[in-house]
Amino acid sequence: MKRSWPFVPLFVIALQAVVAAKGATFVSDSYVGSGVGRFQFYGRWEHVRRFRDGRLFGTSSRTASLGAAVTLSFIGTAVQLYGVRGTGGGHAIITLDGERFHDLDFYAPHKIVRAVVFTSPVLPQGLHRVTIAALGDARVPGHRSSYINISGAVYK
C-alpha cells in the first residue's frame, strides 16, 4: 500500500518561500518591543495566536480604535506588510520615515489572510520606520466594524 505524505507539499512550498526570500527578514506581529525588527503597539489592540487559517505565522493583531497605531523599525531597502482583510475591515494611515502614503483599506468582500497591505518603494539602505494608525471609520454605513489587522512584515 502506497501512502501519501501530506507534509511533503507543504515542505516544498515552505522551501520555495525561503529560497525566494533569500536575504529577507520575516517578522511576526508577535515580535513586540522597541528595537529594530520588532512591532511596537500603541492604544488598544487584540492579539490573536495559533490560527490555522493561513495567516502569516498563525498570528495577527487587530484594532478598531481610532488612533491606535503600530510601528516597525527595520534596516534595509524595502518593506512589505501583511495583514488580514475582510468584511469588517476599515482604513488606516501609513507613514514611512515620516512621509504619508495612500491610506490602507482592510476591507474585502470575504476574508483574505496573508494579504499584502503595503509595499514600500525602494529605499536607501539604512534604518527606516513604518507606522500604521487606525482611522476607526466604518466602511459601510451602519456597519460598526472598522478593523485593521496586521500579521507581519518582510524587509530586506
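Computed from the coordinates by the stated procedures, all read-outs in this text should not be read as laboratory data. All values reported here derive from a predicted model rather than from experimental measurement. Positions of Cβ are backbone-derived with ideal geometry, glycine not excepted, and every protein chain shown enters the neighbour counts.
Of note:
- Remark: 75, 132, 93 ranked as 75, 93, 132, counting other beta-carbon atoms within 10 Å and listing the fewest first.
- Counted by neighbouring Cβ atoms within 10 Å, the residues 34, 151, 145, 120 run from fewest to most as 34, 145, 120, 151.
- In terms of surrounding Cβ atoms within a 10 Å radius of their Cβ, 105, 53 rank from fewest to most as 53, 105.
- Counted residue by residue at 0.36 nm each, then reduced by the alpha carbon distance between them, the extension gain from residue 95 to residue 31 reaches 21.0 nm.
- Inter-site label distance for residue 52 and residue 111 at 7 Å from Cα along Cβ, in nm: 1.4 nm
- Of the trypsin sites (Lys or Arg not before Pro) found in segment 41-122, the ones in coil according to DSSP and having at most 13 other Cβ atoms within 10 Å of their Cβ are 44, 49, 50, 52.
- Judged by the ratio a/c of the largest to the smallest principal axis of the C-alpha gyration tensor, segment 40-96 counts as oblate, that ratio being 1.5 or greater while a/b is no larger than b/c.
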